[in-house]
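The values are calculated or read from the model by the stated rules, or taken from the named source; none is laboratory data. Keep in mind it's a predicted model, so treat the numbers as computed, not measured. Don't worry about glycine lacking a Cβ; one is built from the backbone with ideal geometry, like all the others, and counts go over all protein chains shown. Ligands, DNA and RNA are excluded from the accessible area calculation, which covers all protein heavy atoms including side chains. Shrake-Rupley method; radii C 1.70, N 1.55, O 1.52, S 1.80 Å.
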Amino acid sequence: MMGDPLHTILTERLGCRWPIIQTAMGWVAEPSLVIGSSNAGAFGFLGAAVMTPDEARAKILAVRNGTDKPFGVNFHSFQPGADQIVELILANKDQVRAVSFGRGPNAKMIGRFKDAGILCIPTVGAVKHAQKMVELGVDMVNVQGGEGGGHTGSVPTTVLLPQVLDAVNVPVIASGGFADGRGLAAALAYGAVGIAMGTRFLLTKESPVPDSAKAEYLKASTDRIVVTTKLDGIPQRMVRTKLMDRIEKSGPLGMWLRAIEAGMAMKKQTGASWMDFIKSARGMTAHGAMPLKQAMMAATMPMLIQKAVVEGDIEHGVMATGVVGGRIGEVPTCAALVDRIVEEAHERLAALAAMGRETASAA
């Protein structure tokens, strides 16, 4: 709709109704959530970074069967079967409007997506990474401040977002700490073209996370949400659980044992050989100069997350979350959530405009 401040270049280019992105959380951004968020007017990303090519094929089809809205796919270029997933994305370019990734694609692969009309929207946590991605030819960047869930940096969104806005000349999306319309209005005021939310969409009816795990998330106050480096050597934000406490107390040997145990579980789950697994881990070390032990844990982290968010086994799994999870107290439908965010954003923006008019008339 013309004149609506929520009609931004993000809605224009992605083809969604509102400038809200549902992020690609592993094991959570499944077809049910992508369909729910996309049909609600947001833009949903399918979390294919933890899928085999066969799973990705089936789940892309499931999303297509559940919505005629455009959606995105997330992947990592170092995951087993990445080349096949890229071909799958390209084969579905009529409805897959965007790809997201962290580390990964080179300029050649980004060029292939662009030639197919698929937007490249990486998630970055530092100014230098945003600049590097823009040099490689991406279309937009999603800036995740330190409040974000899972792997995270130390710079808050309120500092990182304006830094990146000043440093790059592509549209910027804000993430890390967003859950409502006030946040959307604030992001737009900074100069972002929209927001991306993970934890807030995890706690919706359409999210496939078991009710037992959702209940645990709802119970987590902000002081139970911590950053740890013990899972794979890189800072990650998690809900504090008994398993997390045990992991925090374990030494280097315990980390190796967890890496090998998780590797065996991943091997069984994906059918990948040890050679595939080591290659995947080595791919991560090459991108981030990460020691092999850490890379093995990083490559297998989804298995620990899967325990909690797929099986509902809080005792043996880990629960990634943003700090904002500490103030979420209910589980709405995607439609109710998006409608509420849009209404709140319109109210805040209208209130600001009214304040401006009052100030002008008083001058």
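A few points about this structure:
- Kirkwood Rh in Å, taken over all unlike Cα pairs in the stretch 6-81: 12.4 Å
- Exceeding the 26 Å Cα-Cα cut-off - candidates Lys93/Lys128; Lys59/Lys242; Lys59/Lys214; Lys69/Lys114; Lys128/Lys242; Lys249/Lys307: Lys93/Lys128; Lys59/Lys242; Lys128/Lys242
- Largest-first principal axis extents, alpha carbons of the chain, Å: 69, 46, 38
- Of the solvent-accessible surface of the stretch 141-235, computed with a 1.4 Å probe over protein heavy atoms with every protein chain present, carbon and sulfur atoms account for 53 percent.
- Equivalent-ellipsoid semi-axes of the stretch 31-115, from the Cα gyration tensor, Å, largest first: 20, 14, 11
- Only helices enter the 222 nm calculation for the chain: every DSSP H run of n ≥ 4 contributes -39,500 (n - 2.57), and dividing by all residues gives -15500 deg cm²/dmol, rounded to 500.
- This model, with +1 at the C-beta of Lys and Arg and -1 at the C-beta of Asp and Glu, gives the chain a dipole about its Cα centre of some 780 debye.
- Coarse-grained scattering of the stretch 307-363 at q = 0.23, 0.24, 0.29 Å⁻¹, given as base-10 log I(q)/I(0) from a Debye sum over alpha-carbon atoms: -0.98, -1.00, -1.09
- Acute angle (nearest 10 degrees) that the helix 181-190 long axis makes with the longest principal axis of the chain, alpha-carbon atoms: 80 degrees
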